[in-house]
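Every number in this text was worked out from the coordinates using simple rules, so none of it is lab data. The model shown is predicted, which means the values in this text are computed figures rather than measured ones. FYI the Cβ positions are ideal-geometry reconstructions off the backbone, even for glycines, and counts take in every protein chain you see.
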Amino acid sequence: MVYERDGTVLGYMILGMKIPSLLERLERRMLAAWHGQEADLEENTGHIMNLAIDPAFRRLGIGGLLLQRGLEYLQSLGAKACELEVRVNNQEAIALYEKFGFAIKERIKNYYRNGDDAYLMIKELA
Ligand SMILES: CC(C)(COP(=O)(O)OP(=O)(O)OC[C@H]1O[C@@H](n2cnc3c(N)ncnc32)[C@H](O)[C@@H]1OP(=O)(O)O)[C@@H](O)C(=O)NCCC(=O)NCCS
């Protein structure tokens, strides 16, 4: 998704639906069987891979607008939740995500190539 003004891209977001691995599907089936339930094999979690706004156009609400539209789009695809990873020291982004109802679920050690940790953040969409 891009935010354009007069033909210039001022921000973009990359997002999609998570596709569970074979192992995850198997785990879901086994857990469901264990609890005597129907396995929920839907690919129902959205994921935000990237979101960035041109530095000259930050704090104008563009990031929030893209995020809002992105969450609506994921919901229209049937997502029940949305996840993302963010650097633990990225205060601006964490503030943005918290404003939109995301909560920190866990800290992932050495998530980034330079060794930085990430927070896995999640928002329920139901
Ligand atoms: C994070 C980012 C996308 C925010 O985009 P933006 O267009 O400036 O955000 P908005 O103007 O929509 O701000 C929405 C909310 O985010 C939070 N926020 C954004 N920038 C902030 C800052 N510098 N300090 C504190 N809070 C901030 C605030 O809660 C803000 O709400 P408010 O204006 O009512 O206080 C932008 O700073 C960016 O591109 N950063 C670099 C790339 C990046 O880190 N992306 C995230 C990767 S996971």
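So what's the chain giving for Rg/Rh, alpha carbon basis, Kirkwood Rh from the mean inverse pair distance?
Rg divided by Rh gives 1.03.
How big is the charge dipole of the chain about its Cα centre, in debye rounded to the nearest 20, if each Lys and Arg gets +1 on its Cβ and each Asp and Glu gets -1 on its Cβ?
220 debye
Figure the gain on full extension for residue 59 and residue 109 (residue separation times 0.36 nm, minus the Cα-Cα span) and round it to one decimal in nm.
Length gained between residue 59 and residue 109: 15.1 nm.
Which percentage, to the nearest 5, of the DSSP beta bridges contained in the chain is antiparallel?
The antiparallel proportion sits near 85 percent.
Quote the FRET efficiency, to the nearest 0.05, computed for residue 38 versus residue 76 with a Förster distance R0 of 25 Å and r equal to the Cβ-Cβ distance.
0.55
Enumerate by residue number the GluC sites (Glu not before Pro) in the stretch 1-39 meeting two conditions: DSSP loop (anything except H, G, I, E, B), and at most 14 other Cβ atoms within 10 Å of the site's Cβ.
Of the GluC sites (Glu not before Pro), the ones in loops of the stretch 1-39 whose Cβ has at most 14 other Cβ atoms within 10 Å are 38.
Estimate the FRET efficiency between residue 30 and residue 8 by the formula 1/(1 + (r/R0)^6), using the beta-carbon distance for r and 41 Å for R0, to the nearest 0.05.
Approximately 0.20, to the nearest 0.05.
Can you list which of the DSSP-assigned H helices in the chain have a Cα extent of 20 Å or more along the long axis and an average Kyte-Doolittle score of at least -0.5?
62-76
Between the DSSP loop rule and a limit of at most 13 other Cβ atoms within 10 Å, which trypsin sites (Lys or Arg not before Pro) in the stretch 58-104 are left?
Listed in order of number, the matching sites are 59.
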